[in-house]
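Throughout, read-outs are computed from the coordinates displayed, never taken from laboratory work. Treat the numbers as computed from the prediction; the structure is a model and nothing was measured. Here the Cβ positions follow ideal geometry from the backbone for every residue, glycine too, while neighbour counts run over all protein chains shown.
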Amino acid sequence: MRPERSAQPKRLVIVSDAWHPQVNGVVRTLTKLREQMEVRGFEVTIISPADYRSAPCPTYPEIRLALTYPLAVKARIEALQPAFVHIATEGPLGIMARRACLKNKWRFTTSFHTRFPEYLRERLPVPLSWSYRFLRRFHNAAETCLVPTQSIHDELLARGFDTLKVWTRGVDRELFRPQPDVDLKLPRPIFLCVGRVAPEKNLEAFLSLDLPGTRLIVGDGPDLEELKRKYPKAVFAGKKEGEELARLYAGSDVFVFPSRTDTFGLVLLEAIACGLPVAGYPVPGPKDVIGASGAGVLSDNLQEAALGALEMGRVDPDVRLQGFSWEACADIFESVLTTIGGTRELAASKLKSSRAVSAR
C-alpha cells in the first residue's frame, strides 16, 4: 500500500531517533528545520522515540531507543499519508523507516549528522570500516543524503557514499548576540567550552592547557564528575539553555572547541553570534565554519590557537556569519525533497539555488 498524497501534497514526515528532551545539534537542527518548513506551508510530523516505549542507549542514557517493530513504523507512516519522507538518523526508528520505504518503493531522503563510527570506536573495538559499511549502505539507498559540511562531503565521498549534498546550519541571532555588559564574576580571560561532557568531545585537551584566567565548561554528560575531580581549578556550570546559556557565551572571551570528531558544531555559530573568537583544531567542522567565517584560529597546537584567538579580540557576527542561517538550511532541504512517488520538490529550488551553493 502506498500512502495517499492527493489530499495533503505538502505533508512531510521526518523520522529521528534523536528528539526532545535531548539537547544536541541534531535536535536543534530538526527543531529549527520544522519551524522553517511549517512557515513554508508544510505539515511536518516528527516520528521519534517519544511516540513509543523506549529504553536508554548503553553509555548514552539520555538517548532513548524506541521499542517498537517495523510494521508499526510502516503503519504510522501510511496513516500520516505524507508526500515526503526524510530519515534523519541511523538508529532503530531510522532503520525501520528505511526498511518500510524500500519495501514499498517509497522514495526518501536522509541526513548524516554524527560520526557514530568514531564514537563507537571510543567505547568498543569495532573497526571503522565495519561501521562505515553499514552507514554507506543505509544512506546510498536515499535519493539524497544531506551532510553538514564540504569536508564531511569529501570524506564520505571517498568512502563510497554517492548521493551527497552539503547542508548548512544556522543560529538564532535574537538569542545569541553580543552583550557587552555581562559580568560572569570569574577571573578573566574566560575560555569557554560548551557541549556534552563525554569522551568524544576531547575535553581534556582543553582542560589540560596552561591558560590564564578561567576555563569554563558548560554541559552535562557521563564524564562530568570525573573531570570535576581531575581538574578542580576549572569551573563546571552544568547544562544551560536559552538566555542563561547566551549570557555565558557573551560574558566569555574565547570559545575553545577541542573536539576532533564533530561533523559541524552548532556551538561554533552560537559563540560567533555572541562575538567570541573560536579556537580549535583544523578538522571537519571547525575547518569549515572558521575557514568560512575567519572568526578564530585553528591549529594542531590547541594552546597556540586559544591564545591566538584571545589576541584577536571580539568578532563582528554580522560580518562573520554571512551564509549561515536557518533560512539557507531550509532552502537546501526543500530543494532536495522528493515525493515518495519520485517527483523532486522544485518549487523553490531554482530561485534559491544560488543561496544554497553559497552556503557551502
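Residue separation times 0.36 nm, minus the C-alpha to C-alpha distance between ARG40 and VAL23: what's the value? Each step should come with its number before you reach the end.
On the way: separation 17, 0.36 × 17 = 6.12 nm, distance 2.54 nm.
Difference between extended and current length: 3.6 nm.
What does a probe at SER299 reach in segment 163-197, counting residues whose amide N is under 18 Å from the point 7 Å along Cα→Cβ? From segment 163-197, the list is 189-192.
Of ASP154, ASP220, ASP181, the sequence from fewest to most neighbouring Cβ atoms within 10 angstrom is ASP181, ASP154, ASP220. Backbone amide hydrogens, once placed in the peptide plane, bring THR214 within less than 5 Å of ILE190, PHE191, excluding anything fewer than 5 places away on its chain.
Residues LEU175, LEU310, arranged from fewest to most other Cβ atoms within 10 angstrom of their Cβ, appear as LEU175, LEU310. In order along segment 239-250, the phi-based Karplus estimate (6.51 cos²θ - 1.76 cosθ + 1.60, θ = phi - 60°) of 3J(HN,Hα) comes to 6, 10, 9, x, 4, 5, 5, 4, 5, 5, 4, 5 Hz; Gly and Pro are listed as x. FRET efficiency for the ASP154 to TRP130 pair, using the beta carbon distance and R₀ = 22 Å, is estimated at 0.55. By DSSP, the beta bridges lying fully in the chain are antiparallel in about 15 percent of cases. One decimal place: the segment ASP318-LEU186 gains 44.8 nm when fully extended, by the rule 0.36 nm per residue minus the C-alpha distance.
Each stretch of four or more DSSP H residues adds -39500 (n - 2.57); spread over every residue of the chain, this sum gives -11000 deg cm²/dmol at 222 nm.
At a Förster radius of 45 Å, what calculated FRET efficiency corresponds to the Cβ-Cβ distance of GLU78 and ASP210, to the nearest 0.05? Efficiency, rounded to the nearest 0.05: 0.15.
A simple rule links phi to the HN-Hα coupling: the Karplus curve 6.51 cos²θ - 1.76 cosθ + 1.60 with θ = phi - 60°, which for segment 304-318 gives 4, 5, 5, 6, x, 5, 4, 5, 4, x, 4, 10, 9, x, 5 Hz, with x for Gly and Pro. Past the 31 Å Cα-Cα mark, which pairs from LYS32/LYS230; LYS239/LYS287; LYS10/LYS165; LYS32/LYS233; LYS32/LYS105; LYS32/LYS165? Flagged as over cut-off: LYS32/LYS230; LYS32/LYS233. Annotation: amide H of THR163 within the under-5 Å range of CYS145, sequence separation 5 or more or interchain, hydrogens built in the peptide plane.
Computed from phi, the 3J(HN,Hα) profile of segment 134-142 under the Karplus parametrisation 6.51, -1.76, 1.60 (θ = phi - 60°) reads 4, 5, 4, 5, 4, 7, 5, 7, 7 Hz, with x in place of Gly and Pro. By other beta-carbon atoms within 10 Å, ranking GLU43, GLU200, GLU35 with the fewest at the front produces GLU35, GLU43, GLU200.
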